[in-house]
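Take a look at the structure set out below.
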Amino acid sequence: MKIYKENLKLKLEVNDEEYNVVVRPSDTLLFVLREKLGLTGAKPGCENGDCGACTVLIEDVPIKPCIILAVEAEGHSITTVEGIRDTAIQREFINKWGFQCGYCTSGFIVNCYALINTHPIGNDEIIEEWLQSNICRCTSYDEIKKAVKEAMKEQVV
């Protein structure tokens, strides 16, 4: 096992841009995205991988950056909510009122974006399964499910 005792210089590819950043070996990817790169869309919620408010994509797979180290992300493509602007799922979250206080919304949007890309014709069971990885304490998820279904229709057209 390699043990790092000094700060590390990393190259991170985030939202199709390359960033050079100096990190401590113990810095989480969430910390680096927010504090070093200024990408604050991923929200710190539980910071132990349960709530999903911080969800990003690594190689198009939803990951919770609060529980991985920044050094683990080097060499991989990272996409944050800032990198998926003007997408069908964002529009439908607005159209279907798929948010209330908004804190968890970016994590849901990123997760739902991956859901739609993975299962463009997903059924209720698939949608339900994917939404279990994110927690919202403000809503019943009905509006979020409607937004996903509507965005899926746009993808198929």
Which shape class applies to the stretch 78-157: rounded if a/c is under 1.5, otherwise prolate when a/b exceeds b/c and oblate if not, where a ≥ b ≥ c are the square roots of the Cα gyration tensor eigenvalues? rounded
Rounded FRET efficiency, nearest 0.05, which uses the C-beta distance separating Arg91 from Glu18 and R0 of 30 Å: 0.55
May I ask you to compute the full-extension gain from Asn7 to Asn117, defined as 0.36 nm times their residue separation minus their alpha-carbon distance, rounded to one decimal in nm? 36.0 nm
The chain accessible area per residue, 1.4 Å probe, protein heavy atoms, integer Å², reads 56 Å²
At q = 0.29 Å⁻¹, what base-10 log of I(q)/I(0) does the Debye formula yield for the stretch 48-117 when every alpha carbon is treated as an equal point scatterer in vacuo? -1.40
In straight Cα distance, which lysines are under 22 Å from Lys146, not counting same-chain residues fewer than 8 positions off? Lys96
Whether the stretch 26-88 is rounded, prolate or oblate, judged on the alpha carbon gyration tensor where a/c under 1.5 counts as rounded: rounded
Using the Cα centre as the reference, give the magnitude of the dipole from point charges on the C-beta atoms of the stretch 1-66 (Lys, Arg: +1; Asp, Glu: -1; all else neutral), rounded to the nearest 20 debye. 360 debye
Dividing the helical contributions, -39500 (n - 2.57) per DSSP H run of n ≥ 4, by the residues of the chain yields a 222 nm value, nearest 500 deg cm²/dmol, of -9000 deg cm²/dmol
Sum up the charges of everything whose Cβ sits under 15 Å from the Cβ of Asp86, counting Lys and Arg as +1 and Asp and Glu as -1, but leave Asp86 out. -2
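Mind ordering 97-105, 24-32 by average Cβ neighbours within 10 Å, highest first?
By packing density, highest mean first, the sequence is 24-32, 97-105.
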Stokes-Einstein D for the chain at 37 °C, 0.692 mPa s, Kirkwood Rh over Cα pairs, in µm²/s? 205 µm²/s
Against the longest alpha carbon principal axis of the chain, how many degrees, from 0 to 90 and to the nearest 10, is the axis of helix 142-156 turned? 90 degrees
Quick one: compute the contact order of the stretch 83-142, relative version, from alpha carbon pairs under 8 angstrom and 6+ residues apart, as a percent. 39 percent
Over the Cα atoms of the stretch 98-145, Rg to Rh with Kirkwood Rh, two decimal places? 0.94
Long-range share for the stretch 79-119, i.e. C-alpha pairs more than 15 Å apart as a percent of all pairs, stands at 33 percent
Could you list, in their original order, any pairs among Lys43/Lys149; Lys11/Lys64; Lys11/Lys36 whose Cα atoms are separated by more than 22 Å? Lys43/Lys149
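The values are calculated or read from the model by the stated rules, or taken from the named source; none is laboratory data. Please read these numbers as outputs of a predicted model, since none were measured by experiment. As a convention, Cβ positions derive from the backbone with ideal geometry for all residues, glycine included, and neighbour counts pool all protein chains shown. Calculation scope for accessible area: heavy atoms of the full protein, side chains included, ligands and nucleic acids excluded. Shrake-Rupley method; radii C 1.70, N 1.55, O 1.52, S 1.80 Å.
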